[in-house]
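Let me begin by presenting the structure, written as structure tokens, before commenting on it.
Any read-out appearing in this document is the output of simple, stated calculations on the displayed coordinates, not a laboratory observation. Note that the structure is predicted; figures quoted are calculated from it, not measured. Here the Cβ positions follow ideal geometry from the backbone for every residue, glycine too, while neighbour counts run over all protein chains shown.
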Amino acid sequence: MLNRRLLRTKAVQALYARQLTADANRLLALDHIDEAFAPDLNSMEPQDRKKLAGMKRLASITLDEFIKHGKPAEDEELPAQVLKVARSAYEAYNRQTVTDGEKMVRRVLNETESIYVDFIRVISMIIELSHQAKIDRERRYDDPEFPFPKDSGLNSNRIIQVLEEDASLQEEIIRNGISWQNDMNLIRKVYRDALRKDEVYEAYCKESTHTVEEDQAIIQHILRQVLFKHEIPLEYFVQRDLYWDDHSELIRSLAIKTLKSADNSHTFQLAPFTKDWEEDRFFVEELCRIVVQENDQYAVYLDEQLKNWELERIALVDLIILKTALAELIHFPGIPVKVTINEFIEIAKRYSTPKSGKFVNGVLDVLSVKLAKEGIIRKSGRGLIDNK
């Protein structure tokens, strides 16, 4: 079932992508300033290139003040044209960055929903492989160089029969647009080069009868050792999903649980993807919204904590992880402090530098105590649990 760590990871990914687009939008805003103060080569009037260059530099500095503080420096009088151009560039930057940020959140949520589709796809692939087994077993003449036992096969497996006969599974396959019609070469290749060459499956096919336990065991073996480990199906899944490494553990877990329930039609049930997708969606959206809204304040907290560091020297992903953790610590009172800290330590270990886990741990440990004493972090309900 979908877990909170994956959701936290998705929030971090969305915020990281948003920052990259913000940096790109800043460059576009600087291009706008360059264009505004470029010499007019078609003008008959003399061009003061030195003055234009100075105004361009001043507008660029003002743009960064807008980006950082939302307004220009108060102690500096700016020429009206400089202020006008810088403000226009900032407004364009801000509009695009807000739009891009919303797109990034939608994208990671769509990626998360696609996990369920890929889970159904994996189950569907097993069924499709059984069709290949049926064709293979019905072939009158086998390849003499590569003989294969036909006493039984995947198509005679009780688990497969339950899957094929279940109306809810067939509806999910259709509803999610899963079809192998254009990928039959892949299915044949997986069957021929992965499944038929698997010693455990070959041994299974040498026996004409099997217990339910044996049928379940071979299905679990095919799932775990063939589909999730052989290079042919793995390459297919990785090409479909750039985040397969992140998603595969959950997909595998859902598939294992579903297949275990398929010993007979009365017990079969598709493993639930999540308890409440709307709640999960809100969690990701709210984390991202809070980090963007409170970004400047979180920078102050971190700046005070990291007096010997410049925030610009900290790896961008570490900075985003810290700010996302602060958003959860402060704005989600029902989540215990230790749970938040431990979860973001693990995210830092997986997605940042080798030393990031210890760095994030050290910063959040101290900050969480400090902010709790100041009344900024206030926990209630389950959030009061001290997970030592």
³J(HN,Hα) across the stretch 361-366 via Karplus (A = 6.51, B = -1.76, C = 1.60, θ = phi - 60°), whole Hz, x for Gly/Pro?
4, x, 5, 5, 4, 5
Cβ-based charge dipole, the stretch 4-107, positive-most Cα from Val82, Ala14, Leu30
Ala14
Rank Leu322, Leu367, Leu306 by mean-square fluctuation in a GNM of the chain with C-alpha springs under 10 angstrom and give only the top-ranked residue.
Leu306
Springs between alpha-carbon atoms under 10 Å, Gaussian network over the chain: tell me which of Asp143, Asp215, Asp64 tops the mean-square fluctuations.
Asp143
Assuming R0 = 25 Å, can you tell me the calculated FRET efficiency for the pair Asp183 and Lys134, based on Cβ-Cβ distance, to the nearest 0.05?
0.90
What is the spread of the Cα atoms of the stretch 178-306 along each of their three principal axes, largest first, in whole Å?
71, 34, 32
Inverse of mean 1/r across different Cα pairs in the chain, Kirkwood, Å
25.3
Mind sorting Glu145, Glu111, Glu231 by how few other Cβ atoms lie within 10 Å of their own Cβ, fewest first?
Glu145, Glu231, Glu111
Working from Cα positions, state the angle (0 to 90°, nearest 10) between the long axis of helix 4-36 and the longest principal axis of the chain.
40
Have a look at Thr324, Thr211, Thr21 and tell me which one the Gaussian network model of the chain (Cα, springs below 10 Å) gives the largest fluctuation.
Thr211
Measure nothing but the geometry: give the 0 to 90° angle between the long axis through the Cα atoms of 316-331 and the longest principal axis through the Cα atoms of the chain, rounded to 10°.
90
Bin all alpha-carbon pair distances of the stretch 4-107 at 5 Å intervals from 0 and give each bin's fraction as a whole percent.
2, 13, 19, 17, 14, 11, 9, 6, 4, 2, 1, 1, 0
With all pairs of different alpha carbon atoms counted, what Kirkwood hydrodynamic radius in Å does the stretch 294-384 show?
13.1
Charges only on Cβ, +1 for Lys and Arg, -1 for Asp and Glu: so what's the dipole of the stretch 214-351 about the Cα centre, in debye to the nearest 20?
380
Round to the nearest 0.05 the FRET efficiency obtained for Gln239 and Leu20 when R0 = 30 Å and r is the Cβ-Cβ distance.
0.80
Mean separation of Cα pairs under 8 Å and 6+ residues apart, divided by the residue count of the chain: what relative contact order is that in percent?
18
Please give, to one decimal in nm, the separation of the simple spin-label points placed at Arg252 and Leu384, each 7 Å out from Cα toward the Cβ.
4.0
Quick one: angle between helix 49-69 and the longest Cα principal axis of the chain, in degrees between 0 and 90, rounded to 10, please.
60
Below 8 Å between Cα atoms, with a sequence gap of 6+, how large is the relative contact order for the stretch 307-362 in percent?
32
Between Glu279 and Val339, take the C-beta separation as r, use R0 = 22 Å, and let me know the FRET efficiency to the nearest 0.05.
0.85
What ³J(HN,Hα) values, in whole Hz, does the Karplus curve 6.51 cos²θ - 1.76 cosθ + 1.60 give for the stretch 336-342 when θ = phi - 60°, with x put for Gly and Pro?
x, 4, 5, 4, 4, 4, 5
